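Asker: Pasting a structure here, questions to come.
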Amino acid sequence: MTENSIPTHCLVGILTGSPNDLPTVVKVRDCLTEMGITSEIIVASAHRTPDKVFNYLDRAHKEGVQVLIGCAGVAAHLAGVVAGHTRLPVIGLPLGNGPLTGLDSLLSTVQMPPGVPVATVAIDGAKNAAVLAARILALKYPAIDQKLIDMANQDRKRYEQTADEALASLKK
């Protein structure tokens, strides 16, 4: 691996508490893939399959995963449980399912005790979870930093359009 390359092994572990969450969770993986970052999705519940969560964390450490993203709705304890069992950075992605449309998930994810941090993004904020993971990795990998610069420049171009240009691109 050269200084300006991105490792090909899995750098980001994405855990989700339920198969029902996968439509949102795959957006995290897809955004990471666009930046050349290898990730994996694991369905493991903090409540229903805690041993699966802990076994994954052991494997992730051994295999060089460097950032973890915990995606969960309703009670949303997954990111906190993960953060309590690792020293890796943990990003919480609260999901907007359930009777409170994500507010319960947000509060469960962000309200962590001292010493057990979870960096929490917006409800259903899949892209921000991926970008935050990439920013953490960019501290070590200049090639990822360059991908973030390129992404930001591409986003800016979209906002530099006139209203007529933007409307024309929406009609395509």
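Where a number appears in this text, it was derived from the coordinates with a stated rule and is not lab data. This structure is a prediction, so every number in the text was calculated from the model and none was measured. Positions of Cβ are backbone-derived with ideal geometry, glycine not excepted, and every protein chain shown enters the neighbour counts.
Asker: Hey, what did region 12-150 get for relative contact order, percent, Cα under 8 Å, at least 6 apart? If you can, show how the numbers build up before the last one.
Answerer: On the way: 277 pairs, mean separation 33.7, N = 139.
In percent, rounded to a whole number, it is 24.
Asker: Could you please rank His61, His9, placing first whichever residue has the fewest other Cβ atoms within 10 Å of its Cβ? Working shown, then result.
Answerer: Working: His61 14, His9 10.
By the 10 Å Cβ count, ascending: His9, His61.
Asker: Kindly put Cys10, Cys71 in sequence by how many other C-beta atoms sit within 10 Å of each C-beta, fewest to most. The partial results should precede the final answer.
Answerer: Working: Cys10 17, Cys71 29.
Listing Cys10, Cys71 from fewest to most nearby Cβ atoms yields Cys10, Cys71.
Asker: Here are some pairs, Lys27/Lys157; Lys62/Lys140; Lys127/Lys157; Lys52/Lys127; Lys27/Lys147; which of them have Cα atoms lying more than 24 Å apart in this structure? Present the calculation step by step, with values, prior to reporting the outcome.
Answerer: Values: Lys27/Lys157 22 Å; Lys62/Lys140 18 Å; Lys127/Lys157 18 Å; Lys52/Lys127 26 Å; Lys27/Lys147 17 Å.
Table pairs above 24 Å Cα-Cα are Lys52/Lys127.
Asker: Follow-up. So what is the calculated 222 nm ellipticity per residue for the chain, using -39500 (n - 2.57) for each DSSP H run with n of 4 or more, over all residues, to the nearest 500 deg cm²/dmol?
Answerer: Details: 7 runs with 80 residues, N = 172.
After summing the helix terms and dividing by the residues of the chain, the value is -14000 deg cm²/dmol.
Asker: Let me ask something additional. If you plug each phi of region 59-68 into the Karplus form 6.51 cos²θ - 1.76 cosθ + 1.60 with θ = phi - 60°, what whole-Hz ³J(HN,Hα) values come out, in order, with x for Gly and Pro?
Answerer: 5, 4, 4, 5, 8, x, 4, 10, 9, 10
Asker: If you add up the charges near Val53, with Lys and Arg at +1 and Asp and Glu at -1, over every other residue whose beta carbon is less than 15 angstrom from its beta carbon, what do you get?
Answerer: With Lys, Arg at +1 and Asp, Glu at -1, the neighbours total -1.
Asker: Starting from the Cα gyration tensor of the chain, take the square roots of the eigenvalues, sort them a ≥ b ≥ c, and report rounded, prolate or oblate (rounded when a/c is under 1.5, otherwise prolate if a/b is larger than b/c, else oblate). Walk me through the numbers before you get to the answer.
Answerer: Numbers: a/c = 2.12, a/b = 1.29, b/c = 1.64.
It is oblate, given that a/c is not under 1.5 and a/b is not larger than b/c.
Asker: Net charge near Val121: determine it from the other residues with C-beta under 13 Å of the C-beta of Val121, scoring Lys and Arg +1 and Asp and Glu -1.
Answerer: Working: positive: Lys27, Lys127, Arg135; negative: Asp124.
Its environment carries a net charge of +2.
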